[in-house]
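Here is the structure we will look at.
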Amino acid sequence: MDSEITLRVDGRRETLSVDTRTTLLDALRERLGVTSPKKGCDHGQCGACTVLLDGRRATSCLTFAVANEHSEVVTAEGLAEKDEPHPVQQALLDNDGFQCGYCTPGQVCSAVGMLDEVKSGWPSYVTDDLEEPVELDEDEIRERMSGNLCRCGAYANIVTAIREAAE
Amino acid sequence: MTGMTRAIPPGPERVEGRAKVTGTAPYAFEHPVTDPLYLHPLRATIARGRVTRIDTDAAERVDGVHTVLTHHNAATLNPVGDPELAVLQSDGIDYRGQLIGAVVAETPEIAAHAAGLVDVRYERLPHDSEFRDDAAIVYTPDADASPMLSPDLERGDVDAAFAEAAHTVDATYTTPPEHHNPLEPHAVIATWDEEGLTLHDSNQGSHLVRDLLAALVGIDKERVSVIAPHVGGAFGSKGMPHGHVALTVLAARRTAGRPVKCALSRTQMFELVGYRPPTRQRVRLGADPEGRLTATEHDSLEQTSRFKQYAEQSASASREMYASPNRRVTNRLAALDVPAPTWMRAPGEAPGMYALETAVDELAVRVGIDPIELRVRNEPEVAPVSGLPFSSRNLVACLRQGAERFGWHERDPRPGTRREGDWLVGTGVAAASFPTLFFPGSLATIHHESAGKYRVEIGAVDIGTGSRTALTQLAAEALEVPLENVELRLGSTEQPHASLAGGSTGTASWGSTVVEAARSFRTEHGSEPAEGVETTAGAADNPDIGKYAMHAYGAQFAEVRVHVDTGEVRVPRMLGVFAAGRIVNPRTAHSQFLGGMTMGLSTALHEHSVVDERFGHVVNHDLAGYHIAGNADVGSIEVSWVDEHDPHVNPVGAKGIGEIGIVGTAAAIGNAAYHATGVRVRDLPLTPEKFLY
Ligand code: FES
Ligand code: FES
């Protein structure tokens with residue numbers, strides 16, 4: 001069964017008809033040719049498909065496209081201005097926070113979403129004081145970024161990059 | 001930025017960095033094609049036997065299904081010496097999960113749905129998937145299992161020396177099956193039209209894929225192109241094309257020019273693209289009262305599949321590591337009805353050095369000397385078995401420098417004596433070595449565009465290592481032009497032949513090729529070349545190969561905490577010091593070492609593919625069940641290297657850095673866990689229950 005949906009993707013309005021079984025990730029990649037979000041597992045286990053969905057980080061493989069009518073999707077590609085990478089992207093470049101790059105767009109979207117969560121005072125598993133504003137130390141970053149696997153093992157550099165971008 | 005120092009040393013930024021952080025660097029499945037079809041594989045649900053009936057009617061009736069491929073209608077393929085590529089050539093089943101067909105449809109959803117409607121009946125034969133030491137399944141691998149090493153080696157009288165030794169260790173170490181799990185699943189788009197066959201494929205060697213696939217389907221290799229501009233990690237699993245590539249090509253033959261897209265699921269990857277086989281290694285060390293080795297024995301038993309031999313050869317790690325007048329090394333295989341194992345990052349050395357370096361730590365405890373000192377006492381002057389001089393060997397420098405940086409000297413050697421809160425704390429060390437290899441036969445083209453701008457072409461694949469950047473640097477250096485004047489093109493068979501991205505040979509083999517080609521270009525065209533001139537050349541044979549023993553070395557240090565109640569193991573701090581010849585790009589090299597050590601930590605603590613022997617498959621076949629280190633598993637990792645100038649290894653002087661970083665990590669962590677707790681675990685991974693009893 002197909003349904004017609006309208007989304008905004010990286011600021012563009014897109015109307016398309018999708019199979020109700022199509023995930024948001026497949027709709028982006030296979031139907032709209034937006035391949036910045038990656039498919040690493042299709043099961044919500046790796047974070048490679050992370051996008052900002054209505055401003056919050058979300059694994060796009062775990063949601064059907066039809067469930068996202070009128071939503072606003074921002075990918076790592078959309079986070080960069082023409083010649084100007086987003087500060088998180090710039091920090092990853094400065095710290096060589098990747099190798100193969102396959103996890104990277106997901107790490108970028110996840111970090112951007114995460115920094116916003118911290119700003120809004122969301123605690124994490126390792127936050128000691130739930131009353132005070134979160135202090136974004138390395139343990140907080142590691143914990144909050146653990147939904148994004150990197151098989152190339154760039155974590156140490158990713159953490160430095162995010163700290164730098166957060167300053 | 002306040003009070004923060006960047007960990008990484010300076011060096012040119014990755015050429016493709018911008019494209020990767022925005023996600024615009026195209027990987028195989030992302031190449032835009034017109035009007036594609038999607039392939040969903042059909043796989044065997046028994047471990048051994050044959051397909052007696054395969055009913056595809058219901059699947060074919062589904063709207064949008066283009067073809068259902070089975071062994072009944074698949075084209076005949078030529079034998080190419082790799083049984084994995086002989087897909088759909090018979091009704092036989094050699095392992096659970098084997099490819100037995102495919103549904104090709106207009107969308108991935110339709111293909112997946114229709115695949116579920118195919119009804120398969122089998123004749124089931126008894127299977128054996130239990131890895132064990134049993135004469136019924138154990139054999140000595142063919143001498144050609146590994147072209148460089150014979151499985152067995154014997155020097156002197158090990159048994160007599162062991163019997164007379166002042167100190168001995170006799171222990172058995174086991175390592176589990178491990179899966180590479182590159183983050184980008186294996187994927188291919190095959191288009192077979194009037195022009196020939198085009199594959200956008202995620203691989204480690206486009207030319208190798210072309211040669212094999214052209215032979216397999218019997219077409220001229222000039223009519224096959226293989227393109228892989230970016231690959232999302234590989235670690236050996238993309239070294240040889242696997243069955244899904246052949247399957248997709250078979251499908252593309254029937255779609256009248258429409259491209260066929262196939263991406264394996266994470267779960268399918270646990271059976272179809274190889275893994276590191278489980279090993280069972282017995283190490284016997286005998287030493288004199290001062291800890292000098294008199295006997296070294298290393299016997300390894302490893303799993304292989306019955307239908308395709310793969311020999312990990314873990315015991316070979318003990319061939320040239322330490323001086324020992326008496327030595328025995330044996331490698332044996334246990335053949336089972338399981339998927340074919342393959343090379344995984346530091347094949348042989350990763351499990352082999354885990355066993356050897358844990359045994360050496362045990363010996364240091366017996367002798368009562370510092371484990372670094374024990375290793376220093378056993379430094380060989382020349383390569384022990386061949387008697388060849390080392391091209392360079394700076395293991396001791398790595399150990400000494402590492403000890404300094406890590407604060408090793410403050411260490412109290414007594415195990416199980418430091419406690420912080422609920423955590424027992426310990427530190428450990430291990431040595432690492434990895435052979436320096438060179439793959440011949442690569443060619444590079446240097447093309448002068450205009451005004452001092454050059455295009456350099458080599459058909460090598462950058463699997464995430466940084467080769468694109470390192471080769472650009474080497475070309476610019478050899479041409480004596482600024483970096484930005486060189487545009488490097490790689491990844492495709494449109495460029496000249498290049499060897500496989502494997503064995504940590506990229507910088508050595510392709511780098512030397514690019515350097516030699518640049519020199520030939522200058523000889524031919526001078527320093528003021530005309531517009532459009534070009535030269536294609538390769539690297540000459542290295543006369544020093546066979547005259548020197550060539551290895552990279554490293555020293556790995558770890559601080560480990562083991563929870564007294566739960567047995568949880570944490571690794572807050574690691575340090576690796578390496579001696580790997582010339583480091584072309586310190587910035588990206590740092591990431592290579594870091595990545596190797598992180599994967600080593602993952603091997604030490606988490607990775608274990610659990611086989612259900614009743615069915616012959618991996619039970620924890622996804623990234624929720626198969627744990628790889630996540631961000632919160634990793635603490636501080638410091639990486640450094642010693643300056644090493646090695647004029648013998650190759651014209652670049654590079655020894656290769658892709659694999660050495662994972663070697664020895666698990667032993668260092670295990671040795672530290674012993675130091676923390678006094679419990680010697682000899683079985684990877686170091687999961688909590690092993691520390692509780
Ligand atoms: S692809 Fe969505 S989490 Fe892995
Ligand atoms: S950079 Fe390769 S998986 Fe993270």
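The values are calculated or read from the model by the stated rules, or taken from the named source; none is laboratory data. Small disclaimer: the values here were computed from a predicted structure and weren't measured. No Cβ is skipped: glycine too gets one built from the backbone with ideal geometry, and neighbour counts run over all protein chains shown. Heavy atoms of the whole protein, side chains included, go into the accessibility calculation; ligands, DNA and RNA do not. Shrake-Rupley method; radii C 1.70, N 1.55, O 1.52, S 1.80 Å.
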On each of the three principal axes the extent of the alpha-carbon atoms of chain A, given in whole Å and largest first, is 48, 35, 28
Mind ranking B:Thr358, B:Thr417, B:Thr427 by accessible surface for me, highest first, 1.4 Å probe?
-> B:Thr417, B:Thr427, B:Thr358
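How many partner chain Cβ atoms sit within 10 Å of a residue's Cβ in peptide B:174-181, on average, as a whole number? Walk me through the numbers before you get to the answer.
Numbers: counts 0, 0, 0, 0, 0, 0, 1, 5.
That works out to 1 on average.
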Using only alpha carbon pairs under 8 Å that are at least six residues apart, calculate the relative contact order of the range B:444-537 and give it in whole percent.
-> 41 percent
In Å², rounded to a whole number, the accessible area per residue of the range B:444-537 with probe 1.4 Å is 34 Å²
How large, in Å, is the protein assembly as shown by the Kirkwood hydrodynamic radius built from its alpha-carbon pairs?
-> 27.9 Å
Total charge dipole magnitude, the range B:621-689, about the Cα centre, Cβ charges on Lys, Arg, Asp, Glu only, Debye to nearest 20 | 200 debye
Percent antiparallel among DSSP beta bridges (both partners in chain B, rounded to 5) | 75 percent
Taking chain A and dividing mean pair separation by its residue count, relative contact order in percent (alpha carbons under 8 Å, at least six apart) | 23 percent
How much of the accessible area of the range A:2-77, probe 1.4 Å, is carbon plus sulfur, in whole percent?
-> 43 percent
Of all DSSP beta bridges located in the range B:444-537, what percent are antiparallel, nearest 5?
-> 70 percent
Electrostatic dipole magnitude of the protein assembly as shown [Cβ: Lys, Arg +1; Asp, Glu -1; Cα centre; debye, to 20] = 1100 debye
Per-residue average of Cβ from other chains inside 10 Å of A:88-98 = 5
Only Lys, Arg, Asp and Glu count, each charged at its Cβ (+1, +1, -1, -1), so figure out the dipole size of chain B about its Cα centre, rounded to 20 debye.
-> 720 debye
Here FRET efficiency (C-beta to C-beta, B:Arg121 to B:Asp82, R₀ 25 Å, nearest 0.05) is 0.30
Gaussian network model of chain A, springs between alpha carbon atoms under 10 Å - residue of A:Glu138, A:Glu81, A:Glu69 with greatest fluctuation = A:Glu81
Unsatisfied cross-links (Cα-Cα over 19 Å) in the set A:Lys82/A:Lys119; B:Lys238/B:Lys261; A:Lys38/B:Lys20 | A:Lys82/A:Lys119
Report the one residue of B:Val21, A:Gly78, A:Pro133 whose Cα lies farthest in the direction of the positive end of the charge dipole of the protein assembly as shown (charges on C-beta: Lys and Arg +1, Asp and Glu -1; origin at the Cα centre).
-> B:Val21
Please work out the FRET efficiency for the pair B:Val610 and B:Glu449, using the Cβ-Cβ distance as r and a Förster radius of 41 Å; give the result to the nearest 0.05.
-> 0.15
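Over chain A, average the accessible area per residue using a 1.4 Å probe and give it in Å², no decimals.
Ligands and nucleic acids excluded, the figure is 41 Å² per residue.
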Taking the alpha-carbon centroid of each part, what is the distance from the range A:118-167 to the range B:442-517 in angstrom?
-> 38 Å
Inter-probe distance in nm under a simple model that places probes 7 Å from Cα toward Cβ, at B:Arg519 and B:His563 | 5.8 nm
For the range B:327-473, with the dipole built from +1 on Lys and Arg beta-carbon atoms and -1 on Asp and Glu ones, taken about the Cα centre, which of B:Ala403, B:Asn378, B:Ser450 lies farthest toward the positive end?
-> B:Asn378
Relative counts (whole %) of C-alpha pair distances in the range A:2-77, using bins that are 5 Å wide = 4, 19, 32, 29, 14, 3
Averaged over residues of B:623-630, the number of beta carbons from other chains lying within 10 Å of each residue's Cβ is 5
Please give every one of the aspartates and glutamates within straight-line cross-link reach of B:Lys221, meaning a C-alpha to C-alpha distance under 17 Å, and leave out same-chain neighbours fewer than 8 residues apart.
-> B:Asp193, B:Glu194, B:Glu195, B:Asp201, B:Asp211, B:Glu494
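At 1.002 mPa s and 20 °C, plugging the Kirkwood radius over alpha-carbon pairs of chain B into Stokes-Einstein gives what diffusion coefficient in µm²/s?
So the translational diffusion coefficient is about 81 µm²/s.
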Rounded to 5, the percent of DSSP beta bridges in the protein assembly as shown classed as antiparallel | 75 percent
So, in nm, how far is label B:Asp63 from label B:Ser527 when the simple model puts each one 7 Å beyond its Cα toward the Cβ?
-> 7.2 nm
Accessible surface of B:Arg582 - all protein chains present, 1.4 Å probe, nearest 10 Å² = 80 Å²
Given B:Leu213, B:Val514, B:Leu474, which one lies farthest toward the positive end of the charge dipole of chain B, if we put +1 on the Cβ of every Lys and Arg and -1 on the Cβ of every Asp and Glu?
-> B:Leu474
Contact surface A-B: accessible area buried, both sides summed, square angstrom, 1.4 angstrom probe = 4700 Å²
In percent, what relative contact order does the range B:271-333 have, based on Cα pairs under 8 Å that are 6 or more apart in sequence?
-> 34 percent
List the lysines whose alpha-carbon lies under 21 Å from that of B:Lys547, not counting same-chain residues fewer than 8 positions away?
-> B:Lys655
